[in-house]
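One structure below.
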Amino acid sequence: MKRLIYISIFLLIPFTHFCQEVEKIIVYAQVIDGDTIPIVPLKQVYVYSFKIIESKKQARKYSRLIRNVKRVYPLAKLAGIKLREYEEILIKATSDRERKKIMKQAEKELKENYGGELRKLTFSQGKILIKLVDRETGNSSYDLVAELRGKFVAFFWQTFARLFGFNLKTEYDPEGEDKQIEMIVRMIENGQL
């Protein structure tokens, strides 16, 4: 009986042959002095230098900054997208009258869609939003209003903003004052936050 089992096992082994499938990977290479050196593209890696947090107060302040940037960054990205859309539409406008009509319609649309969300922002979130809009568009909020609505309207809104402690002419400085905000934004873009 044992012989019969052994014979059947030996006969079935060739039919149950398992092999490992190997995927071919194409790697670019360069020959230097007779040696073949593979060229492998790597993802970009960011190295962040975190500020050492020494107290609970600093930890709370930093976590609040992260929360505020996460709240307003999508709005700043949206501002950049909408600005590019409206610039394309305004280029096609033939007269100043048509341009003003388009801007009034755009302003009405933006107020309906995002006015409530913008009104819910805190004071510090508003300041961060002004800086991030400058980061996304390359122009300060004052310059954008002056370009799209006129210098008088920009002056009015700047004066109104200054009454509440804001400055529409604030520019984004990723290497200086806004270094932490830039680090948080990059972490959000890379999916690390």
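Which value, in nm² and rounded to one decimal, describes the direction-averaged projected area of the C-alpha convex hull of the chain?
Mean projected area of the Cα convex hull: 27.1 nm².
What is the Cα radius of gyration of segment 82-164 over 2.2 N^0.38 Å, N being its residue count?
Details: Rg = 13.5 Å, N = 83, 2.2 N^0.38 = 11.8 Å.
In units of the 2.2 N^0.38 Å rule of thumb, it is 1.14.
Which translational diffusion coefficient, to the nearest whole µm²/s, is obtained for segment 23-113 from the Stokes-Einstein equation, given a Kirkwood hydrodynamic radius over C-alpha pairs, 25 °C and 0.890 mPa s? Write out the running numbers ahead of the final one.
Working: Rh = 19.5 Å.
Using the Kirkwood radius from Cα pairs, D works out to 126 µm²/s.
List the aspartates and glutamates whose alpha-carbon lies under 16 Å from that of LYS120, not counting same-chain residues fewer than 8 positions away?
GLU112
Using Cα positions and a limit of under 21 Å, work out the lysines in reach of LYS100, with same-chain residues fewer than 8 apart set aside.
Excluding near neighbours in sequence, the set is LYS82, LYS92, LYS108, LYS111, LYS151.
Listed highest first by mean packing, meaning other Cβ atoms within 10 Å per residue, what order do 115-126, 59-70 come in? Mind showing how you got there, number by number?
Values: 115-126: 12.2, 59-70: 14.4.
Order by mean packing, descending: 59-70, 115-126.
Please tell me the relative contact order of the chain in percent, rounded to the nearest whole number, where contacts are Cα pairs under 8 Å and at least six residues apart. Present the calculation step by step, with values, prior to reporting the outcome.
Details: 108 pairs, mean separation 35.7, N = 193.
It comes to 18 percent, rounded to a whole number.
Using per-residue counts of other Cβ atoms within 10 Å, averaged over each peptide, order 138-149, 87-98, 166-177 from highest down.
On the way: 138-149: 17.8, 87-98: 10.3, 166-177: 15.0.
Final packing ranking: 138-149, 166-177, 87-98.
Can you tell which of GLY115, ILE184, GLY150 lies farthest toward the positive end of the dipole of segment 58-189, using +1 and -1 charges on the Cβ of basic and acidic side chains (Lys, Arg; Asp, Glu)?
Among GLY115, ILE184, GLY150, the one farthest towards the positive end of the dipole of segment 58-189 is GLY115.
A short reminder: the numbers here are calculations on the coordinates, not readings from a lab. Model, not experiment: these values are computed from the prediction. Every residue, glycine as well, gets a Cβ built from its backbone with ideal geometry; the counts of neighbours run over all protein chains shown.
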